Every structure is written in C-alpha cells, then in structure tokens.
Amino acid sequence: MKEENIMSSLNKVLLIGNLGKDPEIRYTQNGQAVATFSLATSDNWTDQAGNRQERTEWHRIVAWGKLADLCQRFLAKGRQVYIEGRIQSREYTDQSGAKRNTTEIIASSIVFLGSRAAQGGSYDGPPAYGASPQPPAASSSYGKPYDSESYPSGPADIDQSFSDAGITDSDIPF
C-alpha cells in the first residue's frame with residue numbers, strides 16, 4: 001500500500017521589522033510595479049556574563065503590483081511593518097558576468113505599523129493593509145473574519161464545550 005503525503009509543504013514567512021532604506025520601485029516591460037526594500041529584524045538576549053546582546057538580520061523584500069505601489073506611497077526608511085510572504089531563492093548574473101544567488105521574501109500582505117509622522121515622515125492618511133483588508137490578527141488563515149463567539153473565551157467555555165459533547169474524564173486515556 002502506497003502512503004499519501006497529506007501536506008506536501010509549507011513556505012510561509014511572518015516578519016515584523018523596520019525598513020533599512022526607502023523602497024525602490026521599478027516596472028516590468030508590461031507595466032507591473034515591483035518594489036524592493038530591506039527589512040531589519042533584531043534578536044535580543046542576555047549572555048552568560050549578563051551583557052545584553054543584539055543580532056540584526058537583514059531581509060530582502062519584494063512586493064508586486066498594487067502592493068508595490070502602496071509600499072512606494074506609504075513606506076520610508078525606519079518605518080515598522082508586518083509582512084507575510086514566502087521565501088524564494090534565485091540565481092542571477094551580475095554586471096561583471098558572475099553568477100550570484102539571492103534569497104528574497106516575496107510579500108503577499110503588508111501591514112504598515114505606526115504612523116509616518118511618528119517616524120519622521122509626512123502623514124498621508126491611515127495605514128494601508130497591503131493585500132488584505134484587515135490586519136492579520138483580525139482574520140483566520142482562510143480569509144474569513146474572526147468571529148469571537150465561535151471560539152471558547154476561556155476555561156469555563158472549554159469545559160462547557162466538552163460536557164456538551166458527552167466527553168467525561170473517564171474518556172481520557174491518561
């Protein structure tokens with residue numbers, strides 16, 4: 001009997017960080033916008049000697065289409081953003097003819113955090129939410145609005161749910 005792989009793979013990235021520079025926008029031959037920018041994420045910890053340490057990781061972000069246009073309009077160096085996307089590696093030839101590899105985050109959704117005014121820029125209106133109309137925390141992974149009434153709100157609700165299902169302590173094998 002042949003086993004089927006129920007879940008073949010997952011390529012999903014979630015980042016919150018600050019832009020390292022203003023987005024650069026280009027257009028493909030057919031007029032589609034492409035924005036690229038660097039994003040810094042930091043990891044903080046205390047070493048064994050009690051000294052505070054920090055390591056910054058830089059990510060190359062690529063946004064396409066309307067999302068790219070929104071990045072150009074609302075983002076600037078230092079702005080904090082939440083990004084959902086996928087990792088993509090590719091090979092290219094640089095100006096000297098050498099083959100190079102790069103790994104990028106292809107953004108599918110961007111939430112602009114904070115205000116541009118607070119980050120030293122001019123304020124162009126409310127934050128835009130990239131490809132999704134709501135912040136990620138307000139929607140499920142299937143794009144449906146979060147409905148707090150359909151989820152237990154605490155232990156009392158969970159206990160009630162189990163008693164409604166006819167499950168008792170004796171049904172638990174440990």
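The values are calculated or read from the model by the stated rules, or taken from the named source; none is laboratory data. It should be emphasised that the depicted structure is a prediction, and the values quoted were computed from it without experimental measurement. Reconstructed Cβ throughout: ideal geometry from the backbone, glycine too, with neighbour counts over all protein chains shown.
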Practice problem: Report, ordered by the first and then the second residue, all pairs with beta carbons closer than 8 Å, sequence separation of six or more or different chains, a first member in segment 11-32 that is modelled with pLDDT of 95 or more, and a second member that is basic (Lys, Arg) and assigned to a strand (DSSP E or B). | Solution: Asn11/Arg86; Lys12/Arg86; Val13/Arg86
Exercise. Read through the list (1) at pLDDT 95 or above; (2) loosely packed, with under 10 Cβ neighbours inside 10 Å, then give the number of the only condition that Asp94 fails.
Key: (1)
Quiz item: Would a scan of segment 50-58 turn up a residue that is among the hydrophobic types (A, V, I, L, M, F, W, C) and surrounded by 12 or more Cβ atoms within 10 Å (Cβ to Cβ)?
Solution: no
